[in-house]
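Peer 1: Pasting a structure below so you can have a look.
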Amino acid sequence: MNETANPKIRLEGVTKSFGDEHVLRGIDLEVGDGESVVLVGPSACGKTLLFKCILGLIPPDSGSIKIDGEETVGLAPDEREPLLRRVGMLFQQSALFDSLSIWENVAFRLIQSNRVPRTEARRLAVEKLSQVGMDPEVADLLPAELSGGMQKRVGFARAIAGDPEIVFLDEPTAGLDPIMSNIINELILDGVRRLGATTLSITSDMSGARKISDRIAMLHDGKIIWQGPTDQVDAADNPYLDQFIHSRAEGPIETVITPDPA
């Protein structure tokens, strides 16, 4: 495990199994205060599950997960609530509420958890929308009236609405074309720099990973098999990482193709 001077997030020996399926097999990972780390790896290797363990949505079977040196494994819901208020999350499919306006989506936590008055919450939501390049007129629209790329912007605006100390990004550019992906990555880079937030991301977009990260870590077969500074990725002597970053079909990572039913 790479040691960081001021770890904001520290994982040691984190495991999680479902019956005989051992998904996380002892994860060791640190993310420094204000650092951006991107987690890459094959599909279904446990990246999103690891996020859920860190957030407390799913308890690990064993191991330690510390935020600012405080153990979070085993916290009761009321004990975890102050921690979650310091966290922002961008979900893979944006996960916007269909029946709420755009500004209400962005301000959802401000209203529900922080008890911010609606007038002030709307002002803050419009301010965050402007930071992701969206006009005030968008605030009163519904999610269905926006494109996928615009919905991603709204999701990121919601993630940073409370000025969080930690931001989690789950496949922030999934389903977007290369141009929109680049725009979203630029917005993420600008947004987290404004906040000075610690950022942990999952992505399959290696160009995006290079853009938004200080370090990259690769998860495979339930373990972190490589981690290091982003500018060392191409020189890394790791066949799994090499296959992944160059999108090669052949290599140590086995790909299983299930034929369509007749």
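The values are calculated or read from the model by the stated rules, or taken from the named source; none is laboratory data. The structure presented is a predicted model; accordingly, all values stated were derived computationally and were not measured. For neighbour counting, all protein chains shown are included, and Cβ atoms are generated from backbone atoms with ideal geometry for every residue, glycine included. SASA here: full protein model, heavy atoms, side chains in, ligands and nucleic acids out. Shrake-Rupley method; radii C 1.70, N 1.55, O 1.52, S 1.80 Å.
Peer 1: Could you count how many residues in the stretch 165-198 are at negative phi and open to solvent by 40 Å² or more (accessible area, probe 1.4 Å)? Give the steps one after another, and end with the answer.
Peer 2: Initial filter on the stretch 165-198 (at negative phi): 165-170, 172-174, 176-195, 197-198.
Now narrow it down to the ones that are open to solvent by 40 Å² or more (accessible area, probe 1.4 Å): 165, 177-180, 182-183, 186, 190, 193-195.
Adding up the residues that qualify gives 12.
Peer 1: Moving on to the next point. Looking at this structure, is LYS211 in contact with a helix residue (DSSP H, G or I) (Cβ under 6 Å, 6 or more places away or on another chain), open to solvent by 20 Å² or more (accessible area, probe 1.4 Å), modelled with pLDDT of 90 or more and among the basic types (Lys, Arg)?
Peer 2: Values: in contact with a helix residue (DSSP H, G or I) (Cβ under 6 Å, 6 or more places away or on another chain): yes; open to solvent by 20 Å² or more (accessible area, probe 1.4 Å): yes; modelled with pLDDT of 90 or more: yes; among the basic types (Lys, Arg): yes.
In short, yes.
Peer 1: Exactly one of these conditions fails for THR173: (1) free of Cβ contacts under 8 Å to residues at least 12 places away in the same chain; (2) of a type in the set (Ser, Thr, Tyr); (3) touching a Gly at 6+ places or on another chain (Cβ under 8 Å). Give me its number.
Peer 2: (1)
Peer 1: Pairs needed: first member in the stretch 24-40, part of a loop (DSSP other than H, G, I, E, B); second member anywhere, charged (D, E, K, R) and crowded, with 24+ Cβ neighbours inside 10 Å; C-beta distance under 6 Å; at least 6 residues apart or different chains.
Peer 2: Short answer, once both residue conditions are applied: none.
Peer 1: Quick one: how many residues across the stretch 105-131 are open to solvent by 40 Å² or more (accessible area, probe 1.4 Å) and either in a helix (DSSP H, G or I) or modelled with pLDDT of 95 or more (or both)?
Peer 2: Count: 12.
Peer 1: Further, regarding this structure: Give the residue that is modelled with the lowest pLDDT, with candidates limited to residues of the stretch 1-26 that are open to solvent by 70 Å² or more (accessible area, probe 1.4 Å) and hydrophobic (A, V, I, L, M, F, W, C).
Peer 2: So, considering only residues that are open to solvent by 70 Å² or more (accessible area, probe 1.4 Å) and hydrophobic (A, V, I, L, M, F, W, C), the one modelled with the lowest pLDDT is MET1.
Peer 1: When residues of the stretch 80-101 are filtered for being surrounded by 12 or more Cβ atoms within 10 Å (Cβ to Cβ) and more than 21 Å from the chain's Cα centre (by Cα), how many remain?
Peer 2: 2
Peer 1: Further question: For the stretch 63-96, how many residues are assigned to a helix (DSSP H, G or I) and aliphatic (A, V, I, L, M)?
Peer 2: The total comes to 2.
Peer 1: Could you go through the stretch 136-148 and let me know if any residue there is at pLDDT below 90 and aliphatic (A, V, I, L, M). Before the answer, list the steps.
Peer 2: Filtering the stretch 136-148 down to residues at pLDDT below 90 leaves 148.
In the following step, the residues that additionally are aliphatic (A, V, I, L, M) were identified as none.
No, the stretch 136-148 contains no residue that is at pLDDT below 90 and aliphatic (A, V, I, L, M).
Peer 1: Quick test of your reading of the structure: PRO60 fulfils all but one of (1) outside any loop (DSSP other than H, G, I, E, B); (2) open to solvent by less than 30 Å² (accessible area, probe 1.4 Å); (3) at pLDDT 95 or above. Name the failing condition by number.
Peer 2: Of the numbered conditions (1) outside any loop (DSSP other than H, G, I, E, B); (2) open to solvent by less than 30 Å² (accessible area, probe 1.4 Å); (3) at pLDDT 95 or above, the odd one out for PRO60 is (1).
Peer 1: It is to be established whether one or more residues within the stretch 181-192 are farther than 27 Å from ARG122 by Cβ and charged (D, E, K, R).
Peer 2: No, because not a single residue in the stretch 181-192 is farther than 27 Å from ARG122 by Cβ and charged (D, E, K, R).
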